[in-house]
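> One structure is given below, represented as structure tokens, and several questions about it will come after.
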């Protein structure tokens, strides 16, 4: 029996109350690939016992395997897991599977725990076959997920209820391993965020000062930024350590800075002496804060991370708003780029690894790319490789992949030290024996010399990226900018080694500044993302039920504002503060109903079209004169997909040209539309000997026609 889909928010609550068992059975017996009519917020509220029961109905014994003690111990390499819960792409010898994946991005903080990622995925169809987890590490300043304070997992993602049900899952590490096992068991891949920077005063930067670039500031003047300033930092850290004593009482440690920070003294030992037990997060944070204050009293600071050309040459922000006093009473200055370009930006809470030497003792802030620092590459790549081995990630999303600081662009000769993100990917592929490991790059494909020097696609190929996020999410669907960009991305996909994604929305774009982009066109965006089967797509959690925000709503409604946690009296834009710890899901029942119908339909055809190359019948018009698009499969086509990208105006008559690989007498039969009232002429478009005539398409309407060949 077809599943009735409500059209208003309250209707979904009523449907779940009356038909919960039927919907769970539909998922369990394979009639649907997700639990239909299950609101995300309802899914997050399910008990751990209920979730395990639902999953067992679908996956059987694989659930027990995924949760078993021997399979959730991060000390046992993920590569040794049973085939039933191993990576679904383990048979690939490269990361090219990413080029046709449909990905959902999940900020774990919005669902609160790793375990709740599994709950949310009960609402997601199999057509979305890949999961990107935003950063999972201990956060730094303002609890920013992208400001890694250590290599430890974020303990706020631990689920006490799960530990009560499965007692050996008593750590965030064991729970993450179990969650990835379960996601693999459903046939999906999982990716981690790989970040080429840390919180400025992270454990990494203070345990390895020589792996970072430092400056010394007196009031508003930088008095030193020489290449080896880290040596003074090391001396001050040792002086502080002598004053306060080691975090581990009576512990012995080298007192000579060169020995203490040298290769012969392990990082794990150095961290215990400086900050204490890895399990004592509060104690480590307190000691780190004390050391930060000591270094700050001497004006010693890691150089903040930047983006956008020219990247280099920072100076203190002398404006009143550039003065910052933190919770511990330390006084800071924000920084700006002295000769800024139009997209230059300083990320004051963050600091990059120092991957190369400096020219002329860093007098003019010039990087010497002919002097890579192999020990830093090895340190960063080695840590991420360890994470992959412990948890079984299938790909990495490379944060800030657009950073290319060489003023002359990609060099004529490439080596393993060209790019840190590419080095991490290849260290994992080769060192961990996982050739399938992929690289999804965060870049926006701007004009040359904007976010990075040279052509960004050249840089992505040089860094061995498989897929790039692109920037379709930054333009209103159907706008001239969107049409030009989409056509450009399709050209790149067909000619270059890296493929741009059809990005519907990212966690960054779920932000009050971009509300106007998502007031319309959400279903047709999702339609294209699902059914353009030879390019990847990306969507963030919550898009399927996002409310229409005509003016900014309270910040608790936006996933972007859960990346960090700022404080303030107001919780509406332009403030970034939140009053609550809980993400507030949308209540757009109309959108959720349309998305549910789309996903149920996708279940019915996706096995037949997954990853198949497509043939454009009406490609996107880069002039934006025409808003309709149409495509089919390249060989032996089964379906024709049609969409109107104009969200305001209908499309009148237009023609779908001859469909190759179909015999005379072939007809088209409507099998799906995002609209309800479809005329007979549009249900079976007539063939006039040259083309099929489509009478009309409503604003933002999308349809699927089945190709019917004569008997």
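> Only one of these conditions is not met by residue 346: (1) touching a strand residue (DSSP E or B) at 6+ places or on another chain (Cβ under 8 Å); (2) assigned to a loop (DSSP other than H, G, I, E, B). Which number is it?
(2)
> Just to verify a result, which residue in the stretch 544-556, among those that are surrounded by fewer than 23 Cβ atoms within 10 Å (Cβ to Cβ) and not in a strand (DSSP E or B), is nearest to the chain's Cα centre (by Cα)?
556
> If you scan the stretch 697-709, which residues turn out to be touching a strand residue (DSSP E or B) at 6+ places or on another chain (Cβ under 6 Å) and surrounded by fewer than 16 Cβ atoms within 10 Å (Cβ to Cβ)?
Within the stretch 697-709, 706, 708 qualify.
> Mind listing whichever residues of the stretch 98-128 are surrounded by fewer than 24 Cβ atoms within 10 Å (Cβ to Cβ), touching a strand residue (DSSP E or B) at 6+ places or on another chain (Cβ under 7 Å) and more than 22 Å from residue 42 (Cα to Cα)?
Within the stretch 98-128, just 99 meets the criteria.
> Identify the single condition in (1) farther than 28 Å from residue 578 by Cβ; (2) part of a loop (DSSP other than H, G, I, E, B) that residue 529 does not satisfy, given that it satisfies every other one.
(2)
> Shifting gears a bit: With modelled with pLDDT of 95 or more, in contact with a strand residue (DSSP E or B) (Cβ under 8 Å, 6 or more places away or on another chain) and within 30 Å of residue 38 (Cα to Cα) as the only criterion, which of 617, 584 stands out?
584
> Residue check: is residue 324 on the phi < 0 side of the Ramachandran plot and either within 27 Å of the chain's Cα centre (by Cα) or in a loop (DSSP other than H, G, I, E, B) (or both)?
no
> Go through the stretch 352-386 and count every residue that is crowded, with 19+ Cβ neighbours inside 10 Å and in a helix (DSSP H, G or I).
Total meeting the criteria: 7.
> Would you check if residue 502 is closer than 22 Å to residue 701 by Cα and assigned by TED's automatic domain parsing to the domain that holds residue 145?
So residue 502 fits the description; yes.
> A follow-up question, please. Consider the stretch 114-127. How many of its residues are over 16 Å from residue 606 (Cβ atoms) and part of a loop (DSSP other than H, G, I, E, B)?
2
> If I go through the stretch 84-113 residue by residue, how many of them are closer than 15 Å to residue 176 by Cβ and assigned to a helix (DSSP H, G or I)?
4
> Moving on to the next point. Restricting attention to the stretch 129-159, report how many residues are surrounded by fewer than 22 Cβ atoms within 10 Å (Cβ to Cβ) and modelled with pLDDT under 95.
3
> Now for a different question. How many residues, within the stretch 621-638, are buried (at least 18 other Cβ atoms within 10 Å of the Cβ) and closer than 25 Å to residue 96 by Cα?
Here the count works out to 4.
Residues are listed down the side, and each one gets a yes or a no for (1) in contact (Cβ under 8 Å) with a residue 24 or more places away in the chain; (2) more than 30 Å from residue 174 (Cβ to Cβ):
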{"position": "359", "(1), (2)": "no, yes"}
{"position": "371", "(1), (2)": "no, yes"}
{"position": "391", "(1), (2)": "yes, no"}
{"position": "411", "(1), (2)": "yes, yes"}
{"position": "414", "(1), (2)": "yes, yes"}
{"position": "419", "(1), (2)": "yes, yes"}
{"position": "422", "(1), (2)": "yes, yes"}
{"position": "449", "(1), (2)": "yes, yes"}
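> A further question on this structure: Just to verify a result, which residue in the stretch 598-620, among those that are buried (at least 19 other Cβ atoms within 10 Å of the Cβ) and in contact with a helix residue (DSSP H, G or I) (Cβ under 9 Å, 6 or more places away or on another chain), is nearest to residue 40 (Cα to Cα)?
599
> Can you tell me which residues in the stretch 672-692 are exposed (fewer than 14 other Cβ atoms within 10 Å of the Cβ) and in contact (Cβ under 8 Å) with a residue 40 or more places away in the chain?
Residues satisfying the conditions do not exist here.
> Can residue 332 be described as within 18 Å of residue 218 (Cβ to Cβ) and not in a helix (DSSP H, G or I)?
Yes; evaluated as a whole, the condition is true for this residue.
> Out of 156, 161, report the one residue that is without any contact (Cβ under 8 Å) to a residue 60 or more places away in the chain, assigned by TED's automatic domain parsing to the domain that holds residue 38 and outside any strand (DSSP E or B).
After applying the criteria, what remains is 156.
> Identify the residue in the stretch 53-83 that is in a loop (DSSP other than H, G, I, E, B) and in contact (Cβ under 8 Å) with a residue 40 or more places away in the chain and, among all such residues, is nearest to residue 179 (Cα to Cα).
Selected residue: 72.
> Ok, one more. May I ask you to list the residues in the stretch 162-200 that are within 19 Å of residue 307 (Cα to Cα), in contact with a helix residue (DSSP H, G or I) (Cβ under 7 Å, 6 or more places away or on another chain) and surrounded by 24 or more Cβ atoms within 10 Å (Cβ to Cβ)?
Residues satisfying the conditions are 194, 198, 199.
> Can you tell me which of 40, 82, 88 is assigned by TED's automatic domain parsing to the domain that holds residue 533, touching a helix residue (DSSP H, G or I) at 6+ places or on another chain (Cβ under 7 Å) and surrounded by fewer than 15 Cβ atoms within 10 Å (Cβ to Cβ)?
None of the others qualify; the one that does is 82.
> Please enumerate the residues belonging to the stretch 279-311 that are in a loop (DSSP other than H, G, I, E, B) and over 27 Å from the mean Cα position of the chain (by Cα).
279, 280, 298, 299
> Something else: Enumerate the helices (runs of 4 or more DSSP H) found wholly within the stretch 419-526, keeping only those where 1 or more residues are surrounded by 24 or more Cβ atoms within 10 Å (Cβ to Cβ) and out of contact with any helix residue (DSSP H, G or I) (no Cβ under 8 Å at 6 or more places or on another chain).
In the stretch 419-526, 420-431, 456-462 are the helices (runs of 4 or more DSSP H) which contain 1 or more residues that are surrounded by 24 or more Cβ atoms within 10 Å (Cβ to Cβ) and out of contact with any helix residue (DSSP H, G or I) (no Cβ under 8 Å at 6 or more places or on another chain).
> Moving on. Just checking, which of 203, 243 is surrounded by 20 or more Cβ atoms within 10 Å (Cβ to Cβ), under 25 Å from residue 283 (Cα atoms) and not assigned by TED's automatic domain parsing to the domain that holds residue 101?
Within the list 203, 243, the selection yields 203.
The values are calculated or read from the model by the stated rules, or taken from the named source; none is laboratory data. What you see is a predicted model, and the numbers here were worked out from it, not measured in a lab. Here Cβ is always computed from backbone atoms with ideal geometry, including for glycine, and neighbour counts include all displayed protein chains.
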